[in-house]
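Down below is the structure, laid out as structure tokens.
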Amino acid sequence: MNAVTHTTADTAVDTAVDTAAVPAGTDVLIVGAGPTGLALALDLARHGVRALVVERSAALFPGSRGKGIQPRTQEVFDDLGVLDALRAGGGTYPVGMIWKDGQRQGEHRMFDEVEATEADPYAGFALMVPQWRTQEILYARLTELGGGVAFGRELVGLAQDADGVTASFASGAPVRARYAVAADGGRSAVRRALGITMTGETVDPAPAMVADIRVTGLDRDNWHFFPPTEAGPGLQGGFLGICPLPHTEDFQLAAGFADPSAEPDLSLDGIRKLVATRTHLSADDVTEVRWASEFRPRAAMADRFRDGRVFLAGDAAHVHSPAGGQGLNTSVQDAYNLAWKLAAVLRGSAPAALLDSYEEERMPVAAQMLGLSTGVHRGEVRRGAATQQLGLGYRGSALAVETRTDLSKEALRAGDRAPDGTRSGTRLFDAFRGPHWTLLTVGSTDTEVPDLPGVRTVRFPAYEAYGTGVFLVRPDGYVGWAGEPGGSGEPARGLAEYAARAGVL
């Protein structure tokens, strides 16, 4: 992806090059300060893990690229303590408006309606937040927890041995850490250093452009769509949409090109010409280009997500078409899955084998989301329930242990996302919030459960989203172990063994 940055966002935090000494005793080195790396560092900080984020750029990414935050990721950000800030800095997606010859042709609904429920409180909508703002909010929360980012550190070498990883940089001292995570994007230097290949397909052979612009002559109440028009070489064909970005003066422009040989012009004059050609607006209506990038939509996944003590996450592991808003969301959830596992192994409460479950759990999800993104891009899948990621889970994982029998097809099982709900003043998401495990008993007042050190114990009345049972909920909000209710200690069958293997104790 080629990009041109013309200015930075007005509200950008001060992220000047940080050449401070690397803290001694780094547990996890995270390469890349995008949403993946920042979310991972933030979550590790909650667990007390000493992590260092290094970023080759001098500041945080300035563009709006990944602007959609799906309901499942909103749940993750709720747990990480940043959802309120994201809601304050974001908004809902506006209704689409189709234009032709300068006239409004009618509304276009981008999303199928999905109603929020008690179990799925954020299912009503995807939240729109420009990526630069999401990163600023994650960065601010990370610094609150004592973490930070070393900017201006371009990775040029990586070596590992039985005890750790050593990274070298174009400038500055090497960094030694016990583990490393590649969160450095689709052209990951870490992935290349490891020799890990990516397998995939070109979703669209023609290029596309995304840019943050300022433009007059369009309202901010609609996402404006313009059908393809005939024009000169390099400008014809393809979609063009202009979407207002909440709480800014900016719009995000997205455009496709029918000619595979086209080379989009990212300059102010080039974007003015494109807009004047494909819309009823004049070139002078585009007053500023703040950031711009061109790319060719593709879907690709790394052949493995782990190499010894190094893990791949986010775009370093899987590259999506931007259609459907799955890339950033899948990436953040990679980080959320990996953080608690690294923390458990580093503190010595779980065997190193626990880390094998990261690739086991996240590769199938990434493959599924790549297929979904491609389907949305090609018009084969509607945005709606499928793109909200609430139905994703890990039932086939070695960490999903279901000891109950005679369950209905619809029953909540080990490996599923743990739903929300409120009874008698207790909200489940409040009980789950934090880096701990939760032992939840639903619908049986006389069930005996063991007292597990560091595990929050919650008793909850009968609730249809769970049925009845005893559920050990992981720090990332999925049911790890599930047992029968009862008063004889039966629900504890296999629980101690599971707790030791998963790093609960």
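The values are calculated or read from the model by the stated rules, or taken from the named source; none is laboratory data. Everything numeric in this text was worked out from a predicted model, so none of it was measured. All Cβ positions, glycine included, derive from the backbone under ideal geometry; neighbour counts span all protein chains shown. Heads up: the accessible areas ignore ligands, DNA and RNA and are worked out on the full protein's heavy atoms, side chains in. Shrake-Rupley method; radii C 1.70, N 1.55, O 1.52, S 1.80 Å.
For the chain, a simple Cβ point-charge model (Lys and Arg +1, Asp and Glu -1, everything else neutral) yields a dipole of about 660 debye relative to the Cα centre.
Computed from backbone phi, the HN-Hα couplings of segment 172-187 come to x, 6, x, 10, 10, 9, 6, 9, 9, 10, 7, 10, 9, x, x, 9 Hz, rounded to whole numbers (Karplus: 6.51 cos²θ - 1.76 cosθ + 1.60, θ = phi - 60°; Gly and Pro given as x). Roughly what angle does helix 356-377 make with the longest principal axis of the chain, taking Cα atoms, 0 to 90 degrees, to the nearest 10? Tilt relative to the chain: about 30 degrees. Taking the Cα atoms of the chain, the ratio Rg/Rh between the radius of gyration and the Kirkwood radius comes to 0.99. Overall size of segment 257-375 from C-alpha positions, given as principal axis extents largest first: 63, 26, 21 Å. Axis of helix 35-46 versus longest Cα principal axis of the chain: the two differ by about 30°, to the nearest ten degrees. In this structure, the amide hydrogen of V156, modeled 1.01 Å from its nitrogen in the peptide plane, lies closer than 5 angstrom to those of S168, F169, A170, counting only residues at least 5 positions away or on a different chain.
For segment 408-505, the square roots a ≥ b ≥ c of the C-alpha gyration tensor eigenvalues yield an a/c under 1.5, which makes the shape rounded. With the gyration tensor restricted to C-alpha atoms of segment 139-287, the semi-axes of the equivalent ellipsoid amount to 41, 21, 13 Å, longest first. One chain, two ends: R192 and T287. Fully extended at 0.36 nm per residue, the span grows by 30.2 nm beyond their Cα-Cα distance. Taking amide hydrogens as placed 1.01 Å from N in the peptide plane, the amide H of T457 sits under 5 Å from those of L439, each at least 5 positions away in sequence or on another chain. Here's the picture: a label point sits 7 Å out from the Cα of D84 along the beta-carbon direction, and within segment 125-165 the residues with their amide nitrogen under 14 Å of it are 141. For the chain, the antiparallel share of DSSP beta bridges with both residues in that region comes to about 70%. Taken one residue at a time, the phi angles of segment 292-298 give Karplus couplings (6.51, -1.76, 1.60, θ = phi - 60°) of 8, 8, 10, 7, 10, x, 9 Hz. Gly and Pro are set to x. In the chain, helical runs assigned H by DSSP with n ≥ 4 each contribute -39500 (n - 2.57); averaged across all residues and rounded to the nearest 500, the mean residue ellipticity at 222 nm is -7000 deg cm²/dmol.
Of the listed residues H280, H247, the order by accessible area with a 1.4 Å probe, largest first, is H247, H280.
Summarising the amide proton neighbourhood of V95: residues at separation of 5 or more, or on other chains, whose placed amide H is nearer than 5 Å comprise W223. Spacing of the modelled spin labels on E448 and Q368, each 7 Å from Cα toward Cβ, amounts to 3.8 nm. Along the axis of the charge dipole computed for the chain (Cβ charges of +1 for Lys and Arg, -1 for Asp and Glu, origin at the Cα centre), the listed residues A177, Q70, I98 are led at the positive end by A177. Rg of the Cα atoms in segment 117-186, relative to 2.2 N^0.38 Å, amounts to 1.60. For the set T457, T441, the ranking by accessible area, highest first and with no ligand, DNA or RNA atoms included, is T457, T441 under a 1.4 Å probe. Any idea what angle helix 268-278 forms with the longest principal axis of the chain, computed on alpha-carbon atoms, 0 to 90 degrees, nearest 10? The angle comes out at about 80 degrees.
If the segment from T143 to A159 were pulled out straight at 0.36 nm per residue, it would be longer than the present Cα-Cα gap by 2.9 nm. The length gained by stretching the chain between E118 and S261 to full extension, at 0.36 nm per residue less their Cα-Cα distance, is 46.5 nm. Direction-averaged projected area, Cα convex hull, segment 60-137: 6.6 nm², rounded to one decimal.
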